Amino acid sequence: MTQPLIARSLQSLHRARTELGRRNATVALVPTMGALHDGHISLVRLARRRAKKVVVSIFVNPTQFAAHEDLGSYPRTWKADLAKLTAEGVDLVWHPDAKTMYPDGFATRIAPEGPALAGLEDRFRPHFFGGVATVVAKLFTQVRPDMALFGEKDFQQLKVVSRMARDLDLGVKVIGGAIVRERDGLAMSSRNVYLSPEERSAAPVLFRTLKDTAKRLRGGDRLKAALADGAEAIGRAGFVLDYLEARHADTLAPVSSLTDGPVRLLVAAKLGTTRLIDNIRA
Ligand code: PAF
(Lines give C-alpha, C1' and ligand atoms only; values in the text may rest on other atoms or scores of the structure.)
Protein backbone atom coordinates (compact mmCIF):
# COMPACT_ATOMS: atom_id res chain seq x y z
CA MET A 1 0.00 0.00 0.00
CA THR A 2 1.29 3.44 -0.90
CA GLN A 3 1.11 6.11 1.74
CA PRO A 4 -0.72 9.26 0.60
CA LEU A 5 1.31 12.35 -0.12
CA ILE A 6 1.32 14.54 2.97
CA ALA A 7 1.32 18.33 2.61
CA ARG A 8 1.98 20.50 5.64
CA SER A 9 2.73 23.81 3.92
CA LEU A 10 0.69 25.74 1.35
CA GLN A 11 3.56 25.47 -1.07
CA SER A 12 3.67 21.68 -0.95
CA LEU A 13 -0.16 21.53 -1.06
CA HIS A 14 -0.26 23.60 -4.24
CA ARG A 15 2.45 21.49 -5.85
CA ALA A 16 0.61 18.26 -4.97
CA ARG A 17 -2.74 19.68 -6.05
CA THR A 18 -1.39 20.64 -9.49
CA GLU A 19 -0.03 17.12 -9.86
CA LEU A 20 -3.40 15.54 -8.86
CA GLY A 21 -5.33 17.65 -11.34
CA ARG A 22 -3.32 16.54 -14.35
CA ARG A 23 -5.39 15.17 -17.25
CA ASN A 24 -8.41 17.01 -15.75
CA ALA A 25 -8.81 14.46 -12.94
CA THR A 26 -11.69 15.36 -10.63
CA VAL A 27 -10.75 15.98 -7.02
CA ALA A 28 -12.88 15.34 -3.92
CA LEU A 29 -12.06 16.76 -0.48
CA VAL A 30 -13.08 15.19 2.82
CA PRO A 31 -12.50 17.83 5.52
CA THR A 32 -11.88 16.31 8.97
CA MET A 33 -10.40 17.12 12.34
CA GLY A 34 -8.75 13.66 12.47
CA ALA A 35 -9.55 10.97 15.08
CA LEU A 36 -10.95 9.14 12.09
CA HIS A 37 -13.72 6.56 12.54
CA ASP A 38 -15.88 4.56 10.15
CA GLY A 39 -18.09 7.60 9.51
CA HIS A 40 -15.10 9.43 8.02
CA ILE A 41 -14.05 6.33 6.12
CA SER A 42 -17.50 6.04 4.55
CA LEU A 43 -17.07 9.64 3.29
CA VAL A 44 -13.66 8.74 1.87
CA ARG A 45 -15.22 5.79 0.05
CA LEU A 46 -18.04 7.96 -1.26
CA ALA A 47 -15.42 10.46 -2.44
CA ARG A 48 -13.53 7.67 -4.17
CA ARG A 49 -16.69 6.66 -6.05
CA ARG A 50 -17.43 10.23 -7.14
CA ALA A 51 -13.96 11.54 -8.04
CA LYS A 52 -10.71 10.38 -9.52
CA LYS A 53 -8.54 11.78 -6.70
CA VAL A 54 -9.27 12.01 -2.99
CA VAL A 55 -7.82 14.57 -0.61
CA VAL A 56 -8.44 14.38 3.15
CA SER A 57 -7.68 17.38 5.36
CA ILE A 58 -6.83 16.86 9.00
CA PHE A 59 -6.91 20.06 11.00
CA VAL A 60 -8.28 20.56 14.50
CA ASN A 61 -9.70 24.01 13.90
CA PRO A 62 -9.29 26.25 16.97
CA THR A 63 -11.75 28.90 15.74
CA GLN A 64 -14.75 26.59 16.06
CA PHE A 65 -14.12 25.84 19.75
CA ALA A 66 -15.23 28.19 22.53
CA ALA A 67 -12.76 28.82 25.37
CA HIS A 68 -14.59 26.38 27.66
CA GLU A 69 -14.74 23.60 25.05
CA ASP A 70 -12.45 20.64 24.37
CA LEU A 71 -9.84 22.01 21.92
CA GLY A 72 -6.98 20.95 24.22
CA SER A 73 -8.26 17.43 24.80
CA TYR A 74 -9.78 16.78 21.35
CA PRO A 75 -8.44 13.33 20.32
CA ARG A 76 -5.40 13.51 18.07
CA THR A 77 -4.53 10.15 16.50
CA TRP A 78 -2.27 11.04 13.57
CA LYS A 79 -0.54 7.65 13.16
CA ALA A 80 -3.77 5.64 13.22
CA ASP A 81 -5.45 8.18 10.91
CA LEU A 82 -2.65 7.94 8.38
CA ALA A 83 -2.78 4.12 8.45
CA LYS A 84 -6.53 4.24 7.74
CA LEU A 85 -6.11 6.72 4.89
CA THR A 86 -3.29 4.62 3.43
CA ALA A 87 -5.55 1.55 3.50
CA GLU A 88 -8.22 3.54 1.63
CA GLY A 89 -5.80 4.62 -1.08
CA VAL A 90 -6.23 8.34 -0.36
CA ASP A 91 -4.06 10.44 -2.67
CA LEU A 92 -3.22 13.44 -0.51
CA VAL A 93 -3.49 14.43 3.15
CA TRP A 94 -3.54 18.15 3.88
CA HIS A 95 -2.28 18.56 7.44
CA PRO A 96 -1.46 22.19 8.18
CA ASP A 97 -0.65 23.51 11.64
CA ALA A 98 -2.53 26.41 13.23
CA LYS A 99 0.14 28.96 12.19
CA THR A 100 -0.18 27.92 8.54
CA MET A 101 -3.96 28.17 8.64
CA TYR A 102 -4.09 31.33 10.77
CA PRO A 103 -0.81 33.22 10.36
CA ASP A 104 -0.01 36.17 12.65
CA GLY A 105 -2.31 39.04 11.84
CA PHE A 106 -5.11 36.85 10.52
CA ALA A 107 -8.23 39.02 10.85
CA THR A 108 -11.02 37.72 8.63
CA ARG A 109 -14.01 35.69 9.71
CA ILE A 110 -17.03 34.58 7.72
CA ALA A 111 -20.33 35.27 9.49
CA PRO A 112 -22.83 32.77 8.04
CA GLU A 113 -26.53 33.48 8.38
CA GLY A 114 -29.57 31.52 7.17
CA PRO A 115 -29.13 27.91 8.32
CA ALA A 116 -26.33 29.01 10.68
CA LEU A 117 -28.93 30.95 12.71
CA ALA A 118 -31.64 28.28 12.75
CA GLY A 119 -31.70 28.16 16.55
CA LEU A 120 -30.24 24.66 16.91
CA GLU A 121 -26.48 24.25 17.45
CA ASP A 122 -26.01 28.01 17.13
CA ARG A 123 -28.09 28.54 20.28
CA PHE A 124 -25.64 26.50 22.35
CA ARG A 125 -22.41 27.08 20.40
CA PRO A 126 -22.73 30.64 19.03
CA HIS A 127 -19.07 30.75 17.93
CA PHE A 128 -19.22 27.43 16.07
CA PHE A 129 -20.49 28.10 12.54
CA GLY A 130 -18.38 31.23 12.07
CA GLY A 131 -15.31 29.10 12.80
CA VAL A 132 -16.49 26.24 10.59
CA ALA A 133 -17.45 28.49 7.67
CA THR A 134 -14.14 30.34 7.83
CA VAL A 135 -11.98 27.23 7.90
CA VAL A 136 -14.05 25.40 5.26
CA ALA A 137 -13.87 28.41 2.93
CA LYS A 138 -10.10 28.40 3.42
CA LEU A 139 -9.89 24.64 2.83
CA PHE A 140 -11.90 25.02 -0.38
CA THR A 141 -9.68 27.81 -1.72
CA GLN A 142 -6.50 26.01 -0.64
CA VAL A 143 -7.38 22.57 -2.08
CA ARG A 144 -9.65 23.74 -4.93
CA PRO A 145 -11.70 20.51 -4.98
CA ASP A 146 -14.53 19.85 -7.42
CA MET A 147 -16.59 18.45 -4.59
CA ALA A 148 -16.44 18.10 -0.80
CA LEU A 149 -18.07 15.54 1.47
CA PHE A 150 -19.53 16.16 4.93
CA GLY A 151 -21.34 13.76 7.26
CA GLU A 152 -25.06 14.18 7.89
CA LYS A 153 -24.49 13.71 11.62
CA ASP A 154 -23.61 17.42 11.71
CA PHE A 155 -26.77 18.17 9.79
CA GLN A 156 -26.85 21.91 10.39
CA GLN A 157 -23.14 22.16 9.51
CA LEU A 158 -23.90 20.43 6.19
CA LYS A 159 -26.54 23.07 5.43
CA VAL A 160 -24.24 25.91 6.46
CA VAL A 161 -21.33 24.84 4.26
CA SER A 162 -23.64 24.07 1.30
CA ARG A 163 -25.16 27.56 1.58
CA MET A 164 -21.75 29.19 1.94
CA ALA A 165 -20.27 27.36 -1.07
CA ARG A 166 -23.19 28.58 -3.18
CA ASP A 167 -23.28 32.12 -1.79
CA LEU A 168 -19.56 32.68 -2.30
CA ASP A 169 -19.46 30.97 -5.73
CA LEU A 170 -16.72 28.68 -4.51
CA GLY A 171 -17.36 26.21 -7.31
CA VAL A 172 -17.40 23.23 -4.95
CA LYS A 173 -20.29 20.76 -4.94
CA VAL A 174 -21.11 19.88 -1.33
CA ILE A 175 -22.27 16.30 -0.81
CA GLY A 176 -23.72 14.81 2.39
CA GLY A 177 -22.88 11.29 3.53
CA ALA A 178 -25.26 9.13 5.60
CA ILE A 179 -24.63 8.75 9.34
CA VAL A 180 -22.64 5.64 10.28
CA ARG A 181 -23.74 4.02 13.53
CA GLU A 182 -22.35 1.61 16.09
CA ARG A 183 -24.22 -1.71 16.31
CA ASP A 184 -26.42 -0.34 19.10
CA GLY A 185 -27.35 2.75 17.07
CA LEU A 186 -25.02 5.36 18.57
CA ALA A 187 -23.91 7.73 15.80
CA MET A 188 -20.15 7.48 15.30
CA SER A 189 -18.29 10.54 16.55
CA SER A 190 -14.71 11.32 17.46
CA ARG A 191 -16.07 12.51 20.81
CA ASN A 192 -17.57 9.10 21.74
CA VAL A 193 -14.18 8.19 23.26
CA TYR A 194 -14.94 10.64 26.10
CA LEU A 195 -17.87 8.50 27.34
CA SER A 196 -17.39 6.43 30.50
CA PRO A 197 -18.61 2.79 30.26
CA GLU A 198 -21.89 3.75 32.00
CA GLU A 199 -22.41 6.74 29.73
CA ARG A 200 -21.57 4.64 26.69
CA SER A 201 -24.31 2.16 27.57
CA ALA A 202 -26.86 4.99 28.04
CA ALA A 203 -25.83 6.82 24.84
CA PRO A 204 -27.93 4.80 22.31
CA VAL A 205 -31.06 6.24 23.96
CA LEU A 206 -30.64 9.28 21.73
CA PHE A 207 -31.06 7.30 18.52
CA ARG A 208 -33.78 5.09 20.03
CA THR A 209 -35.74 8.19 20.98
CA LEU A 210 -35.36 9.69 17.53
CA LYS A 211 -36.64 6.46 15.99
CA ASP A 212 -39.57 6.16 18.44
CA THR A 213 -40.52 9.79 17.88
CA ALA A 214 -40.39 9.43 14.08
CA LYS A 215 -42.53 6.29 14.31
CA ARG A 216 -45.13 8.04 16.43
CA LEU A 217 -45.28 10.98 14.02
CA ARG A 218 -45.69 8.66 11.06
CA GLY A 219 -48.48 6.94 13.00
CA GLY A 220 -50.30 10.28 13.25
CA ASP A 221 -49.35 11.42 16.79
CA ARG A 222 -49.16 15.15 17.42
CA LEU A 223 -45.70 16.66 17.10
CA LYS A 224 -45.75 18.54 20.39
CA ALA A 225 -46.70 15.48 22.44
CA ALA A 226 -44.24 13.16 20.68
CA LEU A 227 -41.37 15.62 21.18
CA ALA A 228 -42.28 16.19 24.84
CA ASP A 229 -42.29 12.42 25.51
CA GLY A 230 -39.00 12.07 23.64
CA ALA A 231 -37.43 14.83 25.74
CA GLU A 232 -38.60 13.06 28.89
CA ALA A 233 -37.11 9.72 27.79
CA ILE A 234 -33.77 11.40 27.07
CA GLY A 235 -33.79 13.08 30.48
CA ARG A 236 -34.65 9.78 32.23
CA ALA A 237 -31.57 8.17 30.64
CA GLY A 238 -29.36 10.73 32.41
CA PHE A 239 -28.85 13.27 29.63
CA VAL A 240 -29.20 17.02 29.97
CA LEU A 241 -31.12 17.92 26.84
CA ASP A 242 -30.19 20.96 24.74
CA TYR A 243 -32.88 20.40 22.12
CA LEU A 244 -35.07 17.79 20.47
CA GLU A 245 -36.70 19.45 17.50
CA ALA A 246 -38.50 18.79 14.25
CA ARG A 247 -37.32 20.99 11.38
CA HIS A 248 -37.78 21.24 7.64
CA ALA A 249 -35.00 19.09 6.19
CA ASP A 250 -34.04 21.67 3.54
CA THR A 251 -34.50 25.01 5.27
CA LEU A 252 -34.25 23.99 8.95
CA ALA A 253 -37.37 26.10 9.58
CA PRO A 254 -39.60 24.89 12.44
CA VAL A 255 -42.50 22.64 11.36
CA SER A 256 -45.73 21.85 13.11
CA SER A 257 -46.49 18.50 11.50
CA LEU A 258 -45.07 15.96 9.06
CA THR A 259 -47.12 17.51 6.28
CA ASP A 260 -44.89 20.62 6.47
CA GLY A 261 -42.00 18.32 5.48
CA PRO A 262 -39.67 16.77 4.47
CA VAL A 263 -38.98 16.73 8.21
CA ARG A 264 -35.76 16.03 10.08
CA LEU A 265 -35.68 15.30 13.82
CA LEU A 266 -32.58 16.71 15.47
CA VAL A 267 -31.26 16.23 18.98
CA ALA A 268 -28.37 17.48 21.09
CA ALA A 269 -27.78 16.48 24.69
CA LYS A 270 -25.04 16.22 27.26
CA LEU A 271 -24.11 13.02 29.01
CA GLY A 272 -21.75 14.01 31.82
CA THR A 273 -19.35 16.38 30.12
CA THR A 274 -19.79 14.92 26.62
CA ARG A 275 -22.15 16.61 24.23
CA LEU A 276 -23.71 14.33 21.60
CA ILE A 277 -25.77 15.23 18.54
CA ASP A 278 -27.84 13.06 16.21
CA ASN A 279 -30.66 13.33 13.69
CA ILE A 280 -32.91 11.23 11.46
CA ARG A 281 -35.44 11.68 8.70
CA ALA A 282 -38.97 11.62 10.17
O1 PAF B 1 -17.03 18.28 11.00
C2 PAF B 1 -15.82 18.53 11.25
O3 PAF B 1 -15.00 17.64 11.50
C4 PAF B 1 -15.36 19.98 11.23
O5 PAF B 1 -16.35 20.83 11.70
C6 PAF B 1 -14.83 20.43 9.86
C7 PAF B 1 -15.92 20.41 8.82
C8 PAF B 1 -13.67 19.55 9.42
C9 PAF B 1 -14.32 21.88 9.94
O10 PAF B 1 -13.28 22.00 10.87
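Things to note:
- Ranking by accessible area, most exposed first, for 208, 163 with a 1.4 Å probe: 208, 163
- Hypothetical label at residue 232: residues of segment 252-274 whose amide nitrogen lies under 15 Å (7 Å Cα-Cβ projection): none
- For residue 99, net neighbour charge (Lys/Arg +1, Asp/Glu -1) across residues whose Cβ lies under 15 Å away: 0
- Lys, Arg +1 and Asp, Glu -1 on Cβ, resulting dipole of the chain about Cα centre, debye, nearest 20: 860
- Each label was represented as a point 7 Å from its Cα along the Cα-to-Cβ direction; for residue 6 and residue 80 these points are 1.7 nm apart.
- Under 18 Å from a label point set 7 Å out along the Cα-to-Cβ vector of residue 117, the amide N atoms of segment 123-156 belong to 123-134, 156.
- Alpha-carbon centroid distance for the pair segment 175-232 / segment 78-142, whole angstrom: 26
- For segment 129-140, Karplus couplings with θ = phi - 60° (6.51, -1.76, 1.60), whole Hz, Gly/Pro x: 6, x, x, 5, 4, 5, 6, 5, 4, 5, 4, 5
- Of all DSSP-defined beta bridges confined to the chain, some 50% are antiparallel rather than parallel.
- Probe 1.4 Å - accessible area at residue 245, Å² to nearest ten: 40
- Contour minus Cα-Cα distance for residue 141 and residue 71 (0.36 nm per residue): 22.8 nm
- Considering only 112, 31, 197, the mean-square fluctuation computed in a Gaussian network model of the chain, springs between alpha carbons under 10 angstrom, is largest for 197.
- Selection of trypsin sites (Lys or Arg not before Pro), segment 169-205, meeting DSSP coil and at most 12 other Cβ within 10 Å: 183
- Residue 212 - accessible surface, heavy atoms, 1.4 Å probe, Å² rounded to 10: 90
- Close amide H contacts of residue 181 (hydrogens built in the peptide plane, cut-off under 5 Å, sequence separation of 5 or more or a different chain): 188.
- Residue among 129, 27, 253 farthest towards the positive dipole end of the chain, charges placed on Cβ: 27
- Close lysine pairs were tallied over the chain: pairs 8 or more places apart or on different chains with Cα atoms under 18 Å apart number 11.
- Residues whose amide H falls under 5 Å from that of residue 151, counting only those 5 or more places apart or on a different chain, are 177, with hydrogens built in the peptide plane.
- Exposure check, 1.4 Å probe, all protein chains in place: residue 194 carries approximately 70 Å² of accessible surface.
- Fluctuation leader among 80, 165, 16 - the chain, Gaussian network, Cα springs under 10 angstrom: 80
- Projecting the Cα positions of 203, 43, 243 onto the charge dipole of the chain (unit charges on Cβ atoms of Lys, Arg, Asp and Glu, taken about the Cα centre) puts 43 furthest along the positive direction.
- The helix-based estimate of mean residue ellipticity at 222 nm for the chain, built from -39,500 (n - 2.57) per DSSP H run of four or more residues and divided by its residue count, is -11000 deg cm²/dmol to the nearest 500.
- Between residue 100 and residue 169, full extension at 0.36 nm per residue minus the direct alpha carbon distance yields a gain of 22.4 nm.
The values are calculated or read from the model by the stated rules, or taken from the named source; none is laboratory data. Keep in mind that this is a model prediction, so the values were computed, not measured. Don't worry about glycine lacking a Cβ; one is built from the backbone with ideal geometry, like all the others, and counts go over all protein chains shown. The accessibility values were calculated without ligands, DNA or RNA, using every heavy atom of the protein model including side chains. Shrake-Rupley method; radii C 1.70, N 1.55, O 1.52, S 1.80 Å.
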